[in-house]
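Below you'll find the structure, written out as structure tokens, and then a few comments.
The values are calculated or read from the model by the stated rules, or taken from the named source; none is laboratory data. Bear in mind that the values here come from a model prediction, so they are computed numbers and not experimental data. Backbone-built Cβ (ideal geometry, glycine too); neighbour counts: all protein chains shown. The area values use the complete protein model at the heavy-atom level, side chains included, leaving out ligands, DNA and RNA. Shrake-Rupley method; radii C 1.70, N 1.55, O 1.52, S 1.80 Å.
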Amino acid sequence: MSFWDQSYSAVDGYKYGEAPNAFLREQAARLEAGSRILVPGDGEGRNGVWLAEQGHAVQSVDSSAVGLARARELAQRRGVNLDTVQADLASWQPEPASVDAVVLIYLHLPPALRPAVHAKLVQALKPGGLLLLETFHPKQLGYSSGGPKDEAMLYTLDMLRSDFGEGMEELMAEEGPATLDEGPGHQGPAWVTRWIGRKIAA
């Protein structure tokens with residue numbers, strides 16, 4: 001059983017709750033009605049299902065069979081369609097210029113994978129498409145509210161600007177404190193990195 005299958009299976013209910021990420025909810029007005037949205041690392045589906053409830057066409061990609069099964073169950077209970085794909089982001093290849101938005105919520109990748117995966121996600125965006133991200137900052141190591149314990153897997157704005165600088169216009173960027181209330185997996189004070197960009201038309 002994979003790390004994430006074990007992690008999800010160890011919790012009664014949804015590890016990060018059933019409600020969407022607060023930053024995503026705050027920024028969702030940026031998304032055009034009926035957008036086609038890609039949500040890599042969507043886990044148990046809380047964000048993908050919520051986006052589907054807003055009328056978007058959502059594809060949730062995750063490596064965890066346990067997480068995706070719960071995502072489908074949540075979508076069924078909410079009465080929405082959710083396209084789920086079980087895949088390793090290291091080898092998975094989205095169709096270029098196929099989506100209006102990419103939503104990355106606490107998707108933490110090792111340095112050997114992060115730039116290449118981020119580049120593939122930019123390629124998946126149509127011109128003018130949005131990328132919306134919230135992740136943990138290295139200062140999160142001083143908090144107990146969740147996230148990787150390996151500093152190399154925590155993101156700074158400089159890292160994100162390096163990854164997304166080519167072909168993306170920065171719309172929002174911030175690093176700072178937050179208070180999380182996302183199921184048993186994310187609870188309490190935290191330090192996060194947030195970034196929103198728009199793909200520049202070629």
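Placing dummy labels 7 Å off each Cα toward the beta-carbon, the span from R77 to E53 is 1.1 nm.
For the range 57-74, 3J(HN,Hα) computed residue by residue from phi via the Karplus equation (6.51, -1.76, 1.60; θ = phi - 60°) reads 9, 10, 10, 9, 10, 7, 8, 8, 5, 5, x, 5, 4, 5, 4, 5, 5, 5 Hz, glycine and proline entered as x.
Accessible surface for K139 stands near 110 Å², nearest 10, in the context of the full protein assembly shown (1.4 Å probe).
From its DSSP helices (H runs of at least four residues, each -39,500 (n - 2.57)), the chain gives a residue-normalised ellipticity at 222 nm of -7500 deg cm²/dmol.
Rounded to the nearest 0.05, the FRET efficiency derived from the C-beta distance between A112 and L157 at R0 = 22 Å is 0.60.
Please report, as a whole percent, how much of the solvent-accessible surface of the chain comes from carbon and sulfur atoms (probe radius 1.4 Å). Here it works out to 49 percent. If a spin label sat at a point 7 angstrom from the Cα of A173 along the line to its beta carbon, no backbone N atom of the range 28-55 would be nearer than 16 Å. Site pair L141 and S2 shows an inter-label distance of 2.7 nm when each label is modelled 7 Å from Cα along Cα→Cβ. Accessible area per residue was computed with a 1.4 Å probe on protein heavy atoms; F3 scores about 140 Å². Reported value for the chain: 108 Å³ per residue, from the convex hull of its C-alpha atoms. For the range 151-202, the calculated P(r) over all alpha carbon pairs, in 5 Å bins from 0 to the bin holding the longest distance, is 5, 17, 23, 20, 16, 11, 6, 2, 1 percent. Beyond 19 Å, the tail of the calculated P(r) for the range 26-143 holds 46 percent of the Cα pairs.
Ligands, DNA and RNA are left out, and with a 1.4 angstrom probe the accessible area of the chain is 45 Å² per residue.
When the chain is treated as a GNM with alpha-carbon contacts under 10 Å, the residue of G142, G43, G55 showing the greatest mean-square fluctuation is G142. Considering only S35, S60, S144, the mean-square fluctuation computed in a Gaussian network model of the chain, springs between alpha carbons under 10 angstrom, is largest for S144.
The 1.4 Å probe gives accessible areas that order Y16, Y143, Y155, largest first, as Y143, Y16, Y155.
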